[in-house]
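S.K.: First the structure, which I've put down as structure tokens, then a few questions once you've had a look.
The values are calculated or read from the model by the stated rules, or taken from the named source; none is laboratory data. Quick caveat: nothing in here was measured; it's all calculated off a predicted structure. All Cβ positions, glycine included, derive from the backbone under ideal geometry; neighbour counts span all protein chains shown. Note: areas computed on protein heavy atoms with side chains; ligands, DNA, RNA excluded. Shrake-Rupley method; radii C 1.70, N 1.55, O 1.52, S 1.80 Å.
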Amino acid sequence: MPLQAIPVKCLRVFDDAEAAMSRAGSEDESRRPRVAFFDPDRLAGERGVALARLGQPEAAQEVLQPALASLDPSVVKTRPRLLAALATAHVQQGDVDRACELGAEALGIAAQQQVQPNLQDVRKLRLELEPWRNSQAVKNFDEQLRALGAA
């Protein structure tokens, strides 16, 4: 598959998932008890993560900001993932200060929960910030990473 086709195919899969979810909305949830946690808001968040990873920061922000706002406060494992993706979108736009703020928020939650994939997302964000390692925002973020043992 040509490299340029990957983003289109990826986003098409999200469209298909949204369509399937809307068709299944009226089905009896008791038949699939472990699927009920995955709702349209969570799917939107995953789309935002994909958009950030595909290097589409504006589109990622448009999806991630409302996804974070609509996220049920009890769904704490998802929040750091979305925050790290939103921070990545800000890095891609050169907004290092905001990226570090979001990264610190994601780090705080991820460190408290000790969810390794979320901590990995924060560490990956730090790698993306490497060109700005001498900025005060990144130095502060590094200090937070060290303080929480996530460096």
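S.K.: Go through the stretch 127-146 and report how many residues are open to solvent by less than 80 Å² (accessible area, probe 1.4 Å) and without any contact (Cβ under 8 Å) to a residue 24 or more places away in the chain.
M.R.: Qualifying residue count, the stretch 127-146: 2.
S.K.: For the stretch 101-117, which positions are open to solvent by 10 Å² or more (accessible area, probe 1.4 Å) and touching a residue at least 40 places away in the same chain (Cβ under 8 Å)?
M.R.: Step one: of the stretch 101-117, the residues open to solvent by 10 Å² or more (accessible area, probe 1.4 Å) are 101, 104-105, 108-109, 111-117.
The answer is 104, 108.
S.K.: Further, regarding this structure: Between residues in the stretch 69-88 that are within 15 Å of residue 40 (Cα to Cα) and in contact (Cβ under 8 Å) with a residue 12 or more places away in the chain and residues that are of a type in the set (D, E, K, R) and open to solvent by less than 50 Å² (accessible area, probe 1.4 Å), which pairs lie under 8 Å by C-beta distance while being six or more apart or on different chains?
M.R.: Partner pairs satisfying both residue conditions: none exist.
S.K.: Please find, within the stretch 73-125, the residue that is modelled with the lowest pLDDT out of those that are among the basic types (Lys, Arg) and farther than 21 Å from residue 56 by Cβ. Give the steps one after another, and end with the answer.
M.R.: Start the filter on the stretch 73-125 by keeping residues that are among the basic types (Lys, Arg), which leaves 77, 79, 81, 98, 123-124.
Those still in the list that are farther than 21 Å from residue 56 by Cβ too: 77, 79, 123.
Details: 77: 85, 79: 93, 123: 95.
Looking at residues that are among the basic types (Lys, Arg) and farther than 21 Å from residue 56 by Cβ, I get 77.
S.K.: Sticking with this one: Please specify each residue of the stretch 47-64 satisfying the condition of being buried (at least 16 other Cβ atoms within 10 Å of the Cβ) and part of a loop (DSSP other than H, G, I, E, B).
M.R.: 56
S.K.: Out of all the residues in the stretch 77-100, which are β-branched (Val, Ile, Thr), surrounded by fewer than 24 Cβ atoms within 10 Å (Cβ to Cβ) and over 13 Å from residue 137 (Cα atoms)?
M.R.: 78
S.K.: Kindly provide the set of residues from the stretch 65-101 that are outside any helix (DSSP H, G or I) and either more than 20 Å from residue 135 (Cα to Cα) or basic (Lys, Arg) (or both), ordered by number. Quick ask: steps written out before the conclusion?
M.R.: Taking the stretch 65-101 as the starting set, the residues that turn out to be outside any helix (DSSP H, G or I) are 71-78, 93-95.
Within the stretch 65-101, 71, 72, 73, 74, 75, 76, 77, 78 qualify.
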